[in-house]
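Encoded as structure tokens, the structure appears first; notes follow it.
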Amino acid sequence: MIDDPYTFGQIAASNSLSDVYAMGGTPIVAMNIVCFPSCHDMNVLAEILKGGFDKVKESGALLVGGHTVDDKEPKYGLSVSGTVHPDNVLSNATAKIGDKLILTKPIGVGILNTAMKEGLVEDKISKYVVDVMVHLNKYAAMSFNNIKVNSATDVTGFGLLGHALEMAKASNVSIEINSDEVPIIEGAIEMASMGIIPAGMYRNKEYIGKDVEIKNIKTEIEDILYDPQTSGGLLVSVSSDLAEELIKDMKKNGSIEAKIIGTVKEKQEKYIIVN
């Protein structure tokens, strides 16, 4: 979704590091995994690896080599290992009734990336989309050291509703989301209303729609809630009396966003209810 190889490397690394943060861990080491055509310009590969290295360095982890494969299509990611105290491991299966749900990055990345490929997005918005994707979840996760949260996951390819559904099913609860409170990147609603939708949104909707109850919201907002994210934020379930404190702490630590978007309820007919 990005032409610049350095930025591509940054996004891939941020996405790879995210899983460790989502479980309450600290990344320690990372290994590059690269597929790249041997006939291609090696300067492009160098820039991809530099982008990845800089994000790993920002995380505080060490890059300890990696593996390369000659392949016709460039691919890049990292295998990341981290540490966490056994008593502090976070799971998506431990959300508690009455918890508030906090989201730490705005959504709409998939739709806007699709629009960016067609040159439909102004430069200011394109730059912000990139800023969202390269932003490390490290800064939101730093708050887990100060404030006890009950459950967490990261929001990536299954979209906000898909990852919320995973949390709801694993915790045997229902999750109610207030669509008016969900942070959405500028321009995403306009693009969605024009039908600029990635194929992944339709797959997400088909796969999880039977478990979701949508109440009187616009189609374009619904599409954004299903929109697959690249290097999305954390979805955190925290006791209601700690929610505002957690938001303040996340923002103090440098999280790009931190906002209450819903509540954990007793199990109902549908796992996800969107108002």
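The values are calculated or read from the model by the stated rules, or taken from the named source; none is laboratory data. Every value quoted in this text rests on a predicted model; they were computed, and no experiment measured them. Reconstructed Cβ throughout: ideal geometry from the backbone, glycine too, with neighbour counts over all protein chains shown.
Brief remarks follow.
- Within the option set ALA168, ALA188, ALA199, being farther than 24 Å from LEU136 by Cα and crowded, with 21+ Cβ neighbours inside 10 Å holds for one residue only, ALA168.
- LYS218 surrounded by fewer than 16 Cβ atoms within 10 Å (Cβ to Cβ) and either free of Cβ contacts under 8 Å to residues at least 12 places away in the same chain or more than 21 Å from the chain's Cα centre (by Cα) (or both): yes
- Residue count for segment 118-148, restricted to those that are under 18 Å from THR94 (Cα atoms) and out of contact with any Asp or Glu (no Cβ under 9 Å at 6 or more places or on another chain): 4
- Listed conditions (1) farther than 29 Å from GLY24 by Cα; (2) at pLDDT 95 or above are all met by LYS215, apart from (2).
- Screening LYS124, LYS57, LYS105, LYS50 for residues that are closer than 18 Å to THR153 by Cα and not in a strand (DSSP E or B) leaves exactly one candidate, LYS105.
- Some residue of segment 254-265 being within 24 Å of ILE2 (Cα to Cα), of a type in the set (A, V, I, L, M) and either surrounded by fewer than 23 Cβ atoms within 10 Å (Cβ to Cβ) or without any contact (Cβ under 8 Å) to a residue 12 or more places away in the chain (or both): yes
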